[in-house]
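See structure below.
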């Protein structure tokens, strides 16, 4: 990333949202949304990093993935057109999905940089042809986008290894390989260390592909190093640097993995995710995904509930001396036929089965509304609790199936009702 | 207020918990409105029908949100209730302001023999948690404790239990400096 680019993505993101908004009128199937904008932003950021070494000015790279798609459409059109090339009008009609001024602008840039050239070198030439090199570089960019620079480094190392193994190549070429690999590894280390030491776990997790196959990358680099040292002993100084770079990468990847694993460990152990993950999810999730989170929540704005009974219990209970056993938790509502704890689960299942059979009678399904109506809420919710418990008990073959709508019935019990059916589960025999 | 507006208020309350709004705001359907002592602002809380509280989660054998140091937190809440709920015949909300010292003094009497430092550390942690979940309103600067809007969501049938609890709890010892 060029140094004068802001690290924060938010201003860029908002710009992109505006831009996407403009295009969404013209570009078919363009979904406007924060998730789309975030994905675009990630793509554009990789583009910028790739072309950074070639760009003359920081804002010279495209800032919008749509422009990349335009170039793709353009090259496809050129490929179809064959050796005759395309006129400017034909180009415009091929890219009709994009706004005219955007096409003109792109044509100007591509022509200037030689990605499209006049088909014949004569005045008033109207046909253009596309450059093979530019298209191949586009394929390369797409591959970088999909797999990141690290796999490129893998392939480079493999290729260099094959080339050097034959003992072909001069000492000068071998030295260049050593220097190139050393520099690439050092940059990789610098990025990893910065993420491990200073970055958030979330940022580290996003860049985790840097850690994939670290072992095989180290092995390959070591193999190249050995070949270099074997064939060109005079390069021992460069080899020394390469060795230290490999060792540094080994350390950095071990530390980064350790941090990732530590973070994963804590978030696995508790049902708490790191706050960055929530923020990221909230930003990237679609409306449906966000809604799904809330779908099975009964009470949220998660704040602990302090029941009056809990308060009384806490006040009554003096602190237990260490090592003594506390009583197992039990329901606040006393159950008349409560069983001793050791028989609890079986007795509970039996009781639930009895309740379920009583409710179902001879039929296989019964509407929940029918069961809850005509009683007061205190009774109704006991029934509901039993049905839910029976449905949740894996050993019992009953389930509650809810429909989506909620009926609001002021003055009746229950006053909010979701229609549902309590039914027998048919088990395959 | 249109039903769309009411739905928005509900969604806001779902994400943020109790909402503190200017008193001029009209009450959305199904929400509880609690005017603060000053009268300038009021709290809006979702009021589920039929006096249902999150306690029902336990009946449904679903997991409730865990509290850190549940017993200590409950004791501090009970102590704050003892200090703030002076008129036992009235509802819990809004109660009278009290001080952090008084609340901790009641806790200290409940469990005597703990050092000042331990009491302070556990007590402050519990007050902070209760403040965050809006059970209490704790002003650290002024060392002042008021009841938070959530106490108004205790259903009426729990009030006798709470009154009994307040009767049992010792009152704060006046003018007594915490032992150093």
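Among the residues of region A:104-115, which ones are in contact with a helix residue (DSSP H, G or I) (Cβ under 6 Å, 6 or more places away or on another chain) and either assigned to a helix (DSSP H, G or I) or at pLDDT 80 or above (or both)?
A:106
Quick one: in region B:13-26, of everything that is within 14 Å of chain A (Cβ to nearest Cβ) and out of contact with any strand residue (DSSP E or B) (no Cβ under 6 Å at 6 or more places or on another chain), which residue is nearest to residue B:37 (Cα to Cα)?
B:17
Which ones in region B:42-61 are at the interface with chain A (Cβ under 7 Å from one of its Cβ atoms) and assigned to a loop (DSSP other than H, G, I, E, B)?
Residues satisfying the conditions are B:53, B:54, B:55, B:60, B:61.
Give the number of residues within region B:76-110 that are more than 12 Å from the chain's Cα centre (by Cα) and within 12 Å of chain A (Cβ to nearest Cβ).
Residues meeting the conditions: 4.
Of the conditions (1) modelled with pLDDT under 80; (2) out of contact with any strand residue (DSSP E or B) (no Cβ under 8 Å at 6 or more places or on another chain); (3) surrounded by 14 or more Cβ atoms within 10 Å (Cβ to Cβ), residue A:137 fails just one. Which one is it?
Condition (1) is where residue A:137 drops out.
Does residue B:117 fit the bill of being within 14 Å of chain A (Cβ to nearest Cβ) and surrounded by fewer than 16 Cβ atoms within 10 Å (Cβ to Cβ)?
no
Listed here are the residues, each with its yes/no results for (1) within 14 Å of residue A:150 (Cα to Cα); (2) surrounded by fewer than 13 Cβ atoms within 10 Å (Cβ to Cβ); (3) touching a strand residue (DSSP E or B) at 6+ places or on another chain (Cβ under 7 Å); (4) at pLDDT 85 or above.
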{"residue": "A:188", "(1), (2), (3), (4)": "yes, no, no, no"}
{"residue": "A:199", "(1), (2), (3), (4)": "no, no, no, no"}
{"residue": "A:213", "(1), (2), (3), (4)": "yes, no, no, no"}
{"residue": "A:243", "(1), (2), (3), (4)": "no, no, no, yes"}
{"residue": "A:248", "(1), (2), (3), (4)": "no, no, no, yes"}
{"residue": "A:259", "(1), (2), (3), (4)": "no, no, no, no"}
{"residue": "A:262", "(1), (2), (3), (4)": "no, yes, no, no"}
{"residue": "A:268", "(1), (2), (3), (4)": "no, yes, no, no"}
{"residue": "A:272", "(1), (2), (3), (4)": "no, yes, no, no"}
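Could you list, in sequence order, the residues of region B:29-41 that are within 14 Å of chain A (Cβ to nearest Cβ) and part of a loop (DSSP other than H, G, I, E, B)?
B:29, B:30
Going through region A:181-207 one residue at a time, which ones are outside any helix (DSSP H, G or I) and touching a residue at least 40 places away in the same chain (Cβ under 8 Å)?
Once the filter is applied, which keeps residues that are outside any helix (DSSP H, G or I) and touching a residue at least 40 places away in the same chain (Cβ under 8 Å), region A:181-207 yields only A:200.
For region B:121-149, which residues satisfy the criterion of being away from chain A (no Cβ under 11 Å) and in a strand (DSSP E or B)?
B:137, B:138, B:139, B:144, B:145, B:146, B:147
Checking residue B:152 against (1) surrounded by fewer than 16 Cβ atoms within 10 Å (Cβ to Cβ); (2) more than 11 Å from every other protein chain (Cβ to nearest Cβ); (3) assigned to a helix (DSSP H, G or I), which test does it fail?
Residue B:152 satisfies every listed condition except (1).
Pull up region A:307-321, narrow it to residues that are under 47 Å from the mean Cα position of the chain (by Cα) and not in a helix (DSSP H, G or I), then point me to the one that is modelled with the lowest pLDDT.
A:320
The values are calculated or read from the model by the stated rules, or taken from the named source; none is laboratory data. Everything quoted here is computed from the prediction, not taken from an experiment. Virtual Cβ from ideal backbone geometry, glycine too; neighbours counted across all protein chains shown.
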